[in-house]
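The values are calculated or read from the model by the stated rules, or taken from the named source; none is laboratory data. Model, not experiment: these values are computed from the prediction. When we count neighbours, we look across all protein chains shown, and the Cβ atoms used for this are built from the backbone with ideal geometry, even at glycine.
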Amino acid sequence: MEEIYSRINDLAKKYKDYTASNLSKLVKIKSLSKEERDVQLELKQQMGEAGFDEVFIDGLGNVIGRIGNGKKILAIDGHMDTVDMGNLENWDFDPLGGEIKDGFVHGRGTVDQEGGPAAFVTTGRILKELGFDKDLTIYFVGSVMEEDCDGLCWKYIVEEDKIKPDFVISTEPTNLNIYRGHRGRMEMHVSFYGVSSHGSAPERGKNAIYMASKVALEIEKLNERLAFDEFLGRGSVTISEFVSETPSLCAVSDFARLHLDRRLTWGETKESAVAEIEQLIEGMNAHVEVLHYEEEAYTGLRYGMEKYYPTWKIPE
């Protein structure tokens, strides 16, 4: 066993520059969610050149490479879409430059998360070079649209591609630690319906902004009461967007909406999280909804799911 570990380490060192070069090529290609076509073609080419047994792009646009053909299935995943660059004046370097300097690759997506796929391309090359012959099928997945909807890509892979792994390794960055669990996440809208009136007589209306503001302060306090888990920590909730509507800027607002980003610890569920917010709006003309995502992938396929991603953890 020590001998094979030594050979793997030697090959990993040998292919250090190869890995960095592949990552640099990926980073140079802008790849926002729903716009991953070009970077996916580059990743597919890299997998093919590394000697994968099979490489294909599925209907949603995920690049899937396979090595081996055994009964047990291992999947290694890394998403290929990135968030946008924001204000370019805040960057000290070109975020799409892919510069290799001082032992690092610089640019948007190097860490979150194209570094993972660049590494697993090298993994595949090493496995082929070592003559991998275990009773195992390994799928290497460069997934899409993760930044917009975390679980959409794998919902498609499991339900449409019919790939159901026995074990999955996510290449999300962990500072080289092994993570065995993660808090869940969900997104909610809390909508408030007021009554408009002229701005000179606000007492005749019911201001939806005031309604939402009172609940917003209670949501902030809710963080102190959310469930706690010794391993995953406490659940959390934050308001990430506050929008309102009004017939006129000289009128009382008749609609307001809060967008909630809710992180779920062990034992918390979609139902329990919704119930907590419903308690805060009791007696108000307001309602809570869990969001549904449905957008068109770069392949032209429309696909969607509820924006609820359950908490998970596995034993040590």
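Just a few scattered comments:
- Residue selected from the stretch 232-256 under the condition free of Cβ contacts under 8 Å to residues at least 60 places away in the same chain and acidic (Asp, Glu), by the criterion surrounded by the fewest Cβ atoms within 10 Å (Cβ to Cβ): Glu241
- Residue within the stretch 250-267 that is within 30 Å of Phe231 (Cβ to Cβ) and polar (S, T, N, Q) present: yes
- A single member of His259, His292 is closer than 12 Å to Val190 by Cα and either among the hydrophobic types (A, V, I, L, M, F, W, C) or touching a residue at least 12 places away in the same chain (Cβ under 8 Å) (or both), and it is His259.
- Any hit, the stretch 3-16, residues being surrounded by 16 or more Cβ atoms within 10 Å (Cβ to Cβ), modelled with pLDDT of 95 or more and touching a Gly at 6+ places or on another chain (Cβ under 6 Å): no
- Pairs with Cβ under 6 Å, 6+ apart, first in the stretch 54-65 and touching a residue at least 40 places away in the same chain (Cβ under 8 Å) and crowded, with 20+ Cβ neighbours inside 10 Å, second hydroxyl-bearing (Ser, Thr, Tyr) and assigned to a loop (DSSP other than H, G, I, E, B): Gly61/Tyr298; Gly61/Thr299
- Total residues in the stretch 273-304, condition of a type in the set (A, V, I, L, M) and in contact with an Asp or Glu (Cβ under 8 Å, 6 or more places away or on another chain): 4
- Subset of the stretch 170-229 that is touching a Lys or Arg at 6+ places or on another chain (Cβ under 8 Å) and part of a helix (DSSP H, G or I) - its residue that is nearest to Tyr309 (Cα to Cα): Asn223
- Filter result for Gln46 (closer than 16 Å to Ala20 by Cα, polar (S, T, N, Q) and buried (at least 17 other Cβ atoms within 10 Å of the Cβ)): yes
Okay, residues lined up against (1) closer than 23 Å to Leu291 by Cα; (2) over 31 Å from the mean Cα position of the chain (by Cα); (3) at pLDDT 95 or above; (4) loosely packed, with under 15 Cβ neighbours inside 10 Å:
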| position | (1), (2), (3), (4) |
| --- | --- |
| Ala212 | yes, no, yes, no |
| Leu217 | yes, no, yes, yes |
| Glu220 | yes, no, yes, yes |
| Glu230 | no, no, yes, yes |
| Leu258 | yes, no, yes, no |
| Thr265 | yes, no, yes, no |
| Thr269 | yes, no, yes, yes |
| Val274 | yes, no, yes, no |
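- Residue that is in contact (Cβ under 8 Å) with a residue 60 or more places away in the chain, loosely packed, with under 12 Cβ neighbours inside 10 Å and of a type in the set (S, T, N, Q), where the choices are Asn87, Asn22, Asn69: Asn69
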